[in-house]
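The structure appears right after this line, and notes come after that.
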C-alpha cells in the first residue's frame, strides 16, 4: 500500500487524467461550477448545494444488515485520518461532516454463500455516510448496498479487496422521487484480487456516482458493470476512473442505459489511464444507450490514455441510438401490441447485462422495476 496522507494538493497542471487534488478537507477544493469539466453535464441548480461540501445534516440514514456467518459489521466505528484523501469536494465534505464510519468486514479465507445485504434507508433529510467494505485475504462474497427511501445524501463507499480475495459489490440506487444522491465509490485491489462492482440506478431526481479503481500489486482484476434507467426529468450520472498504475492487471467496463421521457438525461464518462510502468495491462470499456422517446438526452464520453506500448490490449466503444421504428413495426406485424413490443426490446437490451451481473435478487428486481415504469409511462 502507498503511504496515506490527508492532503495531496497539487498546483501543477495535470498531465493526464489523474486527479489534481486529493484531500479529506473540502476547503482544499474549489467549489465546482458548470464550467468545470467534471460538472459540465450536471444540473448544478438541482444538487441542493451538496456539491459545496458544507450543507448541515438534518437527519441520518437508517442502516440495517442481515447477519451472515463470517461477516462482521460495526455500524459506528471511530473515524481515522489515516485514509487517502478524496478527489471530489462533495465526498470530502461528507467525510468532514460525519462522526463515525460503518464497517463491514469479510473475514479471511471465508467463502460466504449467502448474499450480504446492507440497506441504507433515507428519511427525507440531509445526511452523510461512509461505508467501508473490507474483504480480507482469500475471502469470497457477494454484497448488496441498497439505497432506498427519500434523501439528500452524500455518501462514500470504500471497497478494500486484499490479496487473493474475490468480491461482487452491487450498489443499488432505487430512491424515491426527489432524492439527490452524490456518491464516491473507491476500490483498492491487492495482489491477484478480483472485484465486480455493479452500479444499478433506477430512482431519484439526481444521482451522481463516481467509481474509481486503484491497483496496489500485480494480478488485480476489476469488472465495472452498470445499468441505469432515467424517466421524465431524471438525471443519472456515472463517472469512472480506472488507474492502471502497476503491471499485469485487467479491467473491463460495461455500462448500459435507457431513457424514456421528456428531459430524461443520462451521463456516462469512462476514464482509463495506463501509466508507463503498467506493462501487461488488458482493458476495455463500453457504454451503450437506448433512447425510447423524444426529449431525452444521453451523453457518453469514453477516454483512454496509454503511456506504454507494452500492453495486452486496450480499447473503448460507445453507442447511443433511438428506439428502432422498424423493429417496432416488425413486432407489431406479428400481432404484438406497441406497449408489449417496447417492453420486449428493452428487456432484450438489458438481459445480457443482467446475466453478467449474476445476482438473482438484483436481476429480478431490475426486471420488475423496468416493467412497472414502462407500464406507468403508457
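Miscellaneous remarks
- Complete set of residues in the range 195-215 that are outside any loop (DSSP other than H, G, I, E, B), out of contact with any helix residue (DSSP H, G or I) (no Cβ under 9 Å at 6 or more places or on another chain) and either crowded, with 21+ Cβ neighbours inside 10 Å or in contact (Cβ under 8 Å) with a residue 40 or more places away in the chain (or both): 195, 197, 199, 201, 207, 209, 211, 212, 213, 215
- Residue check, residue 167 buried (at least 24 other Cβ atoms within 10 Å of the Cβ), out of contact with any helix residue (DSSP H, G or I) (no Cβ under 8 Å at 6 or more places or on another chain) and either in a strand (DSSP E or B) or free of Cβ contacts under 8 Å to residues at least 24 places away in the same chain (or both): yes
- Of the criteria (1) under 30 Å from residue 294 (Cα atoms); (2) surrounded by fewer than 21 Cβ atoms within 10 Å (Cβ to Cβ), which one residue 225 fails: (2)
- Considered as a group, the residues in the range 155-164 that are crowded, with 23+ Cβ neighbours inside 10 Å and within 13 Å of the chain's Cα centre (by Cα) include one that is nearest to residue 203 (Cα to Cα), and that residue is 155.
- Only one of 176, 146 that is in a strand (DSSP E or B) and surrounded by fewer than 23 Cβ atoms within 10 Å (Cβ to Cβ): 146
- Looking only at the range 18-28, and only at residues there that are assigned to a loop (DSSP other than H, G, I, E, B) and under 22 Å from the mean Cα position of the chain (by Cα), the one that is surrounded by the most Cβ atoms within 10 Å (Cβ to Cβ): 24
Each row is one residue, and each column tells you yes or no for (1) modelled with pLDDT under 95; (2) farther than 30 Å from residue 263 by Cα.
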position: 3; (1), (2): yes, yes
position: 10; (1), (2): yes, yes
position: 19; (1), (2): yes, yes
position: 54; (1), (2): yes, no
position: 75; (1), (2): no, yes
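- Sole residue being surrounded by 14 or more Cβ atoms within 10 Å (Cβ to Cβ) and either over 30 Å from residue 276 (Cα atoms) or free of Cβ contacts under 8 Å to residues at least 24 places away in the same chain (or both), chosen from 363, 303: 363
Listed here are the residues, each with its yes/no results for (1) part of a helix (DSSP H, G or I); (2) closer than 24 Å to residue 200 by Cα.
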position: 294; (1), (2): no, yes
position: 310; (1), (2): no, no
position: 314; (1), (2): no, no
position: 327; (1), (2): yes, no
position: 331; (1), (2): yes, no
position: 340; (1), (2): yes, yes
position: 345; (1), (2): yes, yes
position: 348; (1), (2): yes, yes
position: 368; (1), (2): yes, yes
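- The range 100-128, residues that are in a strand (DSSP E or B) and either surrounded by fewer than 21 Cβ atoms within 10 Å (Cβ to Cβ) or at pLDDT below 95 (or both): 100, 101, 103, 105, 111, 117, 119, 121, 123, 124, 125, 126
- Among (1) within 26 Å of residue 43 (Cβ to Cβ); (2) surrounded by fewer than 16 Cβ atoms within 10 Å (Cβ to Cβ); (3) at pLDDT below 85 - the single one residue 325 does not satisfy: (1)
- The number of residues in the range 51-98 that are farther than 21 Å from residue 122 by Cα, touching a strand residue (DSSP E or B) at 6+ places or on another chain (Cβ under 7 Å) and outside any strand (DSSP E or B) comes to 7.
The values are calculated or read from the model by the stated rules, or taken from the named source; none is laboratory data. On a predicted model such as this, the values are computed, not experimentally measured, just so you know. Cβ coordinates were reconstructed from backbone atoms using ideal geometry, including for glycine residues, and neighbour counts include every protein chain displayed.
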